[in-house]
Amino acid sequence: MSSVLDWEATPNPVKENRAGNIGKAVDRYEGPLKVTGTAPYAYEVEPPSPPAYGVMVSAEIAAGRITAIDTTAAEASPGVRLVWTHLNVPPQGPRPERYDFFTPSPRPALQSDRIYFFGQQVAIVIADTLENANAAAAKVAVTYEADAPMAIFHDHLDEGVQPPGEQDTEIGDFAAGFAAAPVTIDDVWRTPLQNHCQMEPCATTAWWDGDHLTVNTSVQMVRFAQNSLAETLMIPAKQVRLLTKYIGGGFGGKGSFYEDLVLAALASRELAQPVKIAFTRQQMMHGTVHRPATVQHVRLGATPEGRLTAMSIMTVTHCDSRGNFTEHASNFARSLYAAPNRLTGHRLVRMDLPVASAMRAPGEASGTLSLEVAMDELAEKLGIDPMELRILNEPDVDPETGKPFSIRQLVRCMREGAQMFGWGRRNLVPGQVRDGRWQIGVGMAAAIRGNMLLPAKCSFSVDAHGVITVRQGMTDIGTGTYTVLAQIAAETLGVPLGDVRVEIGDSELPPAPGSGGQFGAATAGSAALDAGMNLRKAITEIAVADSASPLFGGPSQDITFQDGVIAIANRSERLADLIRRNRPDGLTADGEIRPAADARNWSQHTYGAHFVEVGVDTVTGEVRTRRMLGVFAAGRILNWKTARSQLTGGMIWGVGSALTEGNSVDPRYGSLINQDLAGYLVPVQADIGEIDAIMLDEVDDKANPMGIKGVGELGISGAGAAVANAIYNACGVRVRDYPITPDKLLAAIMAR
Amino acid sequence: MRPFTYERAASVEAAVKSAAQTPNAKFIAGGTNLLDLMKLEIETPAHLIDVGRLPIAGIEDTADGGLRIGAMATNSHVAADVRVRSRYPVLTQAIVAGGSGQLRNKATTGGNLLQRTRCAYFYDTSKPCNKRQPGSGCGALEGLNRNSAIFGASHACIATHPSDMAVALTALDATVETLSPSGQARSFSILELHRLPGETPDVETHLIPGELITAIVLPPPPAGGQVYRKVRDRASYAAGLASVAVAGGNLALGSVAHKPWRAEKAEAALALGSSPVEAIAAELAEATHSSRNGFKIDLLRRLVPVAVAQANGGEA
Ligand SMILES: Cc1cc2nc3c(=O)[nH]c(=O)nc-3n(C[C@H](O)[C@H](O)[C@H](O)COP(=O)(O)OP(=O)(O)OC[C@H]3O[C@@H](n4cnc5c(N)ncnc54)[C@H](O)[C@@H]3O)c2cc1C
Ligand code: SF4
């Protein structure tokens, strides 16, 4: 296995960045297609022959069984081709005991008469038109025997169990440290269940050609979905081609896939006709996954000078009755602040609720909403500036593992942010600043999110026009993957950006793990760099061996690639000319990346600091953000524009988490109350005001050969806490039950 | 969505005639509410009569110094009209506090008045709802009823009317003009348009089935300041938690009842010289609440005096 030291090898065009493609604010590769509405998303892909349309029928109870399904009326409805329920759906691979994101396994649809959660799919109707399918789906009559669902999370907190394979982490003696601490904080925070609300609902267009299946779908992980689908259909993976070219948001919610994919594949086989199936917005809320609610107990102990002596977050969260997913809201705290006595852990309650799973920054997004507010409360108790309190407790090494940090610029993020934002002008006493009907406050919080590298492959080709094509089974879920791969290719092969093509989102391309856990750009990009270097090597070998080339004879190690021209000293020719002479059909090289064996010897994270100004109308309890600044340290930045969009997008999500977002369960039905985007409130333009994200210069040479890290999940981490802290600074009250809606804030203000 | 037939009405008279003759017909104007409800099969008309292009979209001065707003005038058009902005600012403010720019460009004056509740149980067809399915019960009554009514609710329904525009029109003493299925023109106060839920929350207005709203007539603006204040969870594109329209001495409240709520008790108290705080207290003395919407009472107690002060030149 390799070592991080191998990543220091030269030449490294990304690090050298001679043409300046790396870091530049390059527009999105696929941007024009998207803004002109011509990028075909999964449901819009034209199949080879006219498709049939599927509409799913969803369970209207949360627990129990189906005692009867009458499909007679649906089957007799105009245009209907097929109606399937658990009674007649074709056989599929069995559902495994445990699911995870990386191990492919069958995900069979319509498996039994048992209902595990509200909104579980119970039938599919396929018809000649979407309208006919819809009309027929409404005629499927399902009779249930309902059990009373276990749906009130807050009534079952004591029943939480240790998540499988996990233990609490204790360093020192937390109980003793906390008991002895002269200054303490001991509070409970609640975060709600949240839905991903991707713009594009899950959807599939599928067709068969003999025993070969082609599916266009919307998923974050190509190879995982291909293999899992093949196992579900009980056919070899090589008979499944999975395409996912344009994805209208994933956020973890498309880490796996759902019945649209399985049923479209099965139905198109049955009907020998292409089939399209999409989730409705309402079905997305229950029928996919969500971020589960948490209850977080935070205890901090400190000396009067502000040194943390004890720190604990214990999180209780929930998942579905058959699940294991845990929202690890306590984990990030293990690496954030120094404290000799520390206790962190999780308890999981299995409930009759829809399936819990990963949503943008799983763990950090919820967890920072408690600890980063607790730090604000502690600072106030101590009479210390909240930023200075954090700096006082900045660890030299990872406080839990003792490992060195690969690089940690958290303090610099805070200091630079404070200066740019004007943090020094903050009024220490809450409720002192007013602008018309708004009381103004500012708050800050730290951000931290882990960094990962996974194995991936990639291939690069050059054709007789000197055009480079990047091929990788990677996805772009709206983050900018197409664009950064093009930049890496242009820089590595020394060609103009316009001479790069990127092909991703196809299971026939070299595999990459996909998009998730903010590992996408680093993982896919590192494999791309390797493929690019291998293509350079192949080109060099041809050039120095070609007597018709000015580069004939070498020396190979002096070759340069620039502006589409290859050169050794003052001898040069166009790359296209060399390829046309020697490889008129083009030349391809493969590359790959693997995590280094010693990478885990370092504690590796991305960091940031959020500063927020809010206005609070203390008459109505309304809160509006006015100004937000995030300063981040996340390794080398590949594309200033797409990285900034990821960061500000995360920050905006943090505003949503603090102020508006959340879905409530009606315990009588085990169902969620908000089922569309008029009810589930994500921030809109008017909620945001001024916003900016600054990225510090940084290279993390322990992260990967490019020294880059992820930014997709960093921006949300801590952002909501900064909003909550600003609310306190504005009006002097704290609401520890998110989201901080006007009714809750008003009650707190009135109780003051 | 259920299959349906469609026609574009050639005239106001033809629209009403068709409605009288066709069973289970509905008018469609901007479609911004009706189509959503049809997709969810909450509304299942067999026939749509498109009134969206009828020539009743203008805004004209009336002889007594008011305005007649055609029922097909879009929300955007009304809000931007110079006469509305200068003489009825509460109406402009209320309209732009609702929906989004795209919705307001499509939404019409008549359609806005007749939009249906945003009660989540009304929208979820798996839940009981007396308004959607008479006799099935009320899901909200014992449920997540944060946004339900505090005035005039019944045990059958605690839903609110979600229109912002209608709250301003109520404070402005608007008159509704209609053409009834018999071909007869009627006009009546906007206070008589909507009903309280009672035992039949599915019947929301006093309109005769098939009656078409043709215009809204505003009397000359009342003496005194005007303002619309809407409290909501996010800054734009959100239903109100509560709202208030002030027009001179007239007060109307939004998102608190099955209809735009004219706060007559508060007005009477104000007229007798009570302070705004006392006046709204008099109105709220009659308020009732469900498990989760009691905050609306506190909210209005605080909001209304501030709004009255703002209408009278106080701080915005
Ligand atoms: C996401 C979203 C958010 C919204 N937020 C707000 C908000 O914050 N505040 C707010 O006030 N509104 C809000 N709205 C509602 C919006 O204002 C209404 O949908 C719109 O005003 C309806 O007008 P329309 O012309 O499109 O009506 P349509 O949908 O065409 O019709 C609505 C109803 O009125 C009937 N109808 C229409 N015209 C006439 C007529 N002339 N005579 C008799 N019957 C008629 C129709 O038969 C139908 O029953 C929101 C809507 C959406 C979708
Ligand atoms: S409040 Fe009215 S609209 Fe809501 S569920 Fe009850 S009956 Fe239906």
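The values are calculated or read from the model by the stated rules, or taken from the named source; none is laboratory data. Quantities reported herein were computed from a predicted structural model and do not represent experimental measurements. As a convention, Cβ positions derive from the backbone with ideal geometry for all residues, glycine included, and neighbour counts pool all protein chains shown. In case anyone asks, the SASA skips ligands and DNA or RNA and just uses the protein heavy atoms, side chains included. Shrake-Rupley method; radii C 1.70, N 1.55, O 1.52, S 1.80 Å.
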Revision key, fill the gap. Scanning segment B:117-160 for residues that are open to solvent by less than 20 Å² (accessible area, probe 1.4 Å), of a type outside the set (Phe, Trp, Tyr) and more than 10 Å from ligand 2 (Cβ to nearest atom) gives B:Ile150
Check your understanding: Scanning for something acidic (Asp, Glu), assigned to a strand (DSSP E or B) and away from ligand 2 (no atom under 16 Å from the Cβ), does segment A:596-618 turn up at least one residue?
Key -> yes
Exercise for review: Determine if segment A:549-557 includes at least one residue that is touching a Gly at 6+ places or on another chain (Cβ under 8 Å), part of a helix (DSSP H, G or I) and open to solvent by 10 Å² or more (accessible area, probe 1.4 Å).
Suggested key: no
Practice item. Run A:Pro705 past the list (1) away from every other protein chain (no Cβ under 14 Å); (2) within 19 Å of A:Gly478 (Cβ to Cβ); (3) open to solvent by 10 Å² or more (accessible area, probe 1.4 Å) and report the number of the one that doesn't hold. Key: (2)
Review point. In this structure, is B:Gly110 of a type outside the set (Phe, Trp, Tyr), away from ligand 2 (no atom under 12 Å from the Cβ) and within 13 Å of chain A (Cβ to nearest Cβ)?
Key: no
Review point. What are the residue pairs meeting all of these: first residue in segment B:132-149, first residue at pLDDT 95 or above, second residue open to solvent by 60 Å² or more (accessible area, probe 1.4 Å) and more than 16 Å from ligand 1 (Cβ to nearest atom), Cβ atoms under 6 Å, and 6 or more apart or on different chains?
Key: B:Asn145/B:Arg292; B:Arg146/B:Arg292
Study note, to complete from the structure: For B:Ser126, the lone unmet condition from (1) among the polar types (S, T, N, Q); (2) within 14 Å of ligand 1 (Cβ to nearest atom); (3) more than 15 Å from the chain's Cα centre (by Cα) is (2)
Check your understanding: So which strands (runs of 3 or more DSSP E) are wholly in segment B:9-65 and hold at least 2 residues that are open to solvent by 30 Å² or more (accessible area, probe 1.4 Å)?
Key -> B:25-28, B:59-61
Practice item. Go over the candidates A:Gly670, A:Gly654 one by one and state the one that is within 19 Å of the chain's Cα centre (by Cα), touching a residue at least 60 places away in the same chain (Cβ under 8 Å) and open to solvent by less than 30 Å² (accessible area, probe 1.4 Å). Key: A:Gly654
Revision key, fill the gap. If we take segment A:355-438, then helices (runs of 4 or more DSSP H) inside it with 3 or more residues that are charged (D, E, K, R) are A:364-382, A:410-421
Review point. Which condition number in (1) open to solvent by less than 10 Å² (accessible area, probe 1.4 Å); (2) β-branched (Val, Ile, Thr); (3) more than 14 Å from every other protein chain (Cβ to nearest Cβ) is the one that B:Thr205 fails?
Key: (1)
Revision key, fill the gap. Given the conditions (1) without any contact (Cβ under 8 Å) to a residue 60 or more places away in the chain; (2) open to solvent by 40 Å² or more (accessible area, probe 1.4 Å), every one holds for B:Ser76 apart from (2)
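Results for (1) away from chain B (no Cβ under 14 Å); (2) touching a helix residue (DSSP H, G or I) at 6+ places or on another chain (Cβ under 7 Å), shown as yes or no for each residue.
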| residue | (1), (2) |
| --- | --- |
| A:Leu410 | yes, no |
| A:Phe421 | yes, no |
| A:Gly431 | yes, yes |
| A:Arg437 | no, no |
| A:Val442 | yes, yes |
| A:Ala446 | yes, yes |
Study note, to complete from the structure: Of the residues in segment A:534-548, those that are closer than 30 Å to A:Pro595 by Cβ and either among the acidic types (Asp, Glu) or open to solvent by 40 Å² or more (accessible area, probe 1.4 Å) (or both) number 3
**Study point:** Residues of segment B:131-172 classified as away from ligand 1 (no atom under 16 Å from the Cβ), more than 18 Å from B:Glu264 (Cα to Cα) and of a type in the set (A, V, I, L, M, F, W, C), total
**Key:** 7
Practice item. Return yes when A:Asp676 is open to solvent by 30 Å² or more (accessible area, probe 1.4 Å) and more than 9 Å from chain B (Cβ to nearest Cβ) and no when it is not. Key: no
Practice item. State all residues of segment A:194-210 that are in contact with a Pro (Cβ under 9 Å, 6 or more places away or on another chain) and of a type in the set (D, E, K, R); if no residue qualifies, say none. Key: A:Asp209
Practice item. Would you be able to tell me the number of residues in segment B:227-280 that are away from chain A (no Cβ under 14 Å), under 12 Å from B:Pro305 (Cα atoms) and surrounded by fewer than 19 Cβ atoms within 10 Å (Cβ to Cβ)? Key: 3
Point to revise | Qualifying residues in segment B:170-194 (those that are surrounded by 14 or more Cβ atoms within 10 Å (Cβ to Cβ) and either part of a loop (DSSP other than H, G, I, E, B) or within 16 Å of ligand 2 (Cβ to nearest atom) (or both)) - the one nearest to the other protein chains (Cβ to nearest Cβ) | key: B:His194
**Study point:** A:Ala302 being over 21 Å from the mean Cα position of the chain (by Cα), on the phi > 0 side of the Ramachandran plot and of a type outside the set (Asp, Glu)
**Key:** no
**Study point:** Test set (1) at the interface with another protein chain (Cβ under 10 Å from one of its Cβ atoms); (2) in a loop (DSSP other than H, G, I, E, B); (3) open to solvent by 20 Å² or more (accessible area, probe 1.4 Å) - A:Arg624 fails condition number
**Key:** (2)
